[in-house]
1. Given the conditions (1) over 21 Å from residue B:323 (Cα atoms); (2) surrounded by fewer than 19 Cβ atoms within 10 Å (Cβ to Cβ); (3) more than 20 Å from the chain's Cα centre (by Cα), report the number of the one that residue B:21 does not fulfil.
2. Within the group B:25, B:20, B:9, which residue is within 14 Å of chain A (Cβ to nearest Cβ), modelled with pLDDT of 85 or more and more than 24 Å from residue B:146 (Cβ to Cβ)?
3. Consider residue A:139 against the criteria (1) touching a residue at least 40 places away in the same chain (Cβ under 8 Å); (2) more than 13 Å from the chain's Cα centre (by Cα); (3) in a helix (DSSP H, G or I): it satisfies all of them except one. Which criterion is unmet?
4. Looking only at region A:156-166, decide whether some residue is touching a helix residue (DSSP H, G or I) at 6+ places or on another chain (Cβ under 7 Å) and in contact (Cβ under 8 Å) with a residue 40 or more places away in the chain.
5. Sort out for me the helices (runs of 4 or more DSSP H) sitting completely within region A:49-125 that have 3 or more residues that are away from chain B (no Cβ under 13 Å).
6. So, in region A:19-37, how many residues would count as being more than 11 Å from every other protein chain (Cβ to nearest Cβ) and over 14 Å from residue A:197 (Cα atoms)?
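The values are calculated or read from the model by the stated rules, or taken from the named source; none is laboratory data. Quick caveat: nothing in here was measured; it's all calculated off a predicted structure. All Cβ positions, glycine included, derive from the backbone under ideal geometry; neighbour counts span all protein chains shown.
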């Protein structure tokens, strides 16, 4: 495979065992890590040509991230956690219409967390499944073009996992966001437009592009 | 930077247990520094206000500090006496407004006994030219009357009318008591916060009488240097005619009619050919003495400053210890768009906030404590605190400590910056 390419709005399932380089790939795509060689283009931007600070700004503006677990800052309320991207990116703040707080409330309500969005509600009171949904709300705030989810379901039981996945897909579709979903659990792949193995990407020519 | 201040504060609040301990350590150290500084200026102030209104102190030829110490602070012993004739000569000088003769050498239960005249109560000034006042009774009228300082009265529980005995020599355990000359407490002075509080005042004639009796006794030789009563005078002569009091005194205080004449008089006395004398200007001598005493005072300040440093090191330790468990926090912040520089600033702000809280708490606590302690310090130790309010010094101190905290905060900030560059979004636990 000469290049790994994801189209805009596409929902891609990336599978691979731990230690196979998933985190490194996500780090490169999200601009936290710099690729040593090859070209990394995301949303028309050549990440390799950007400085560290510019890559950080780019990530803040265009990428929403969801981790396996512990996505939330324990000292912030649910609402403040969701609003975090709007603190660091003016673009995300501007795109959260009509205003960041309303958009955060709407996202939380759609994710079935209407009551948890109450100001001052502590994230430590939430179950892991609820915490993961808060993380999705945060990743989607301000309509980033790309959502990267790194094993977001592995800490959930199977019922919660199915609910979570459906919500994630629906919200990404509603926000026109491209979804890059990484998991070792191949059973989840059926819901996605495309399924890839990390091993295939590792054989790719040093070209990594997403447009 | 503005969103970061809120984040830093919220992050600290989340760790409020350790943060409170850190703030407490800084607050204690800062309040110690504020307290020491207030004591320092209070001590300096009290020191300078020991004597005022006196233009010259005249004693036998010795160093100015020695003269000041025994005549004003009742510390140490005079090397020699001044003849009564010299005192009379000075007191009759047209430029001289008043003189107060003083005679030291006896004690009462550890407190110095000072022989003087009633001019002492008229002319002696302390602090901001305050006169001595009587809390009870009045000046001595009889040979066996004594006027005691406030601390003597308080410590020994005396009231007017009580009988006391004078001990020959200085110190609690003295050679012999002048048991056959009981004195009566005629008056108690208002507290001054000066050595006057620790003095038993009697008339010069009483001192003379005591020692006249002693002259014939076994101790006369030992005493002759300190109280060289000539014995030429008729028995009891000085009691009736004080101005001709024909004996040696320890020193005398001089008040001039015009300040312009002070230097001239000082020179004249220092060059006096009849008797080797030393005349000092109290303010000048106090200044010299403070330069010596001030060394201890500076040492105290350095110790307090080091305690503040220890407080800051404690803060540094607690922040550094938290870094490991906060790598996740940093990774989350980076995933939502925080740059490594933001992480750096966050930790720097954290150090600054901790120090600011500690400094504010420390200054408030110190001033509250000083305000509460001021009356006690003034009455018990004669330490007068000028102002209990927050002053420029406190602001400078606050600035210095917070500044130092920011500098100390560079260490954890740099480490977190490096960690977050290396960790990226991977969370290590």
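1. Going through the list (1) over 21 Å from residue B:323 (Cα atoms); (2) surrounded by fewer than 19 Cβ atoms within 10 Å (Cβ to Cβ); (3) more than 20 Å from the chain's Cα centre (by Cα), residue B:21 breaks only (1).
2. Only one candidate passes the filter, namely B:9.
3. Status for residue A:139: all satisfied but (2).
4. Within region A:156-166, not a single residue is touching a helix residue (DSSP H, G or I) at 6+ places or on another chain (Cβ under 7 Å) and in contact (Cβ under 8 Å) with a residue 40 or more places away in the chain.
5. Per the criteria, A:100-110.
6. 3
Residue-wise test of (1) surrounded by 17 or more Cβ atoms within 10 Å (Cβ to Cβ); (2) at pLDDT 90 or above; (3) out of contact with any helix residue (DSSP H, G or I) (no Cβ under 9 Å at 6 or more places or on another chain).
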| residue | (1), (2), (3) |
| --- | --- |
| B:244 | no, no, no |
| B:247 | yes, no, no |
| B:251 | yes, yes, no |
| B:259 | no, no, yes |
| B:263 | no, yes, yes |
| B:273 | no, no, yes |
| B:277 | yes, yes, no |
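Rundown of residues vs (1) more than 18 Å from residue B:335 (Cβ to Cβ); (2) within 15 Å of the chain's Cα centre (by Cα), yes/no style:
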residue: A:69; (1), (2): no, yes
residue: A:78; (1), (2): no, no
residue: A:96; (1), (2): no, no
residue: A:115; (1), (2): yes, no
residue: A:145; (1), (2): no, yes
residue: A:148; (1), (2): no, yes
residue: A:159; (1), (2): yes, no
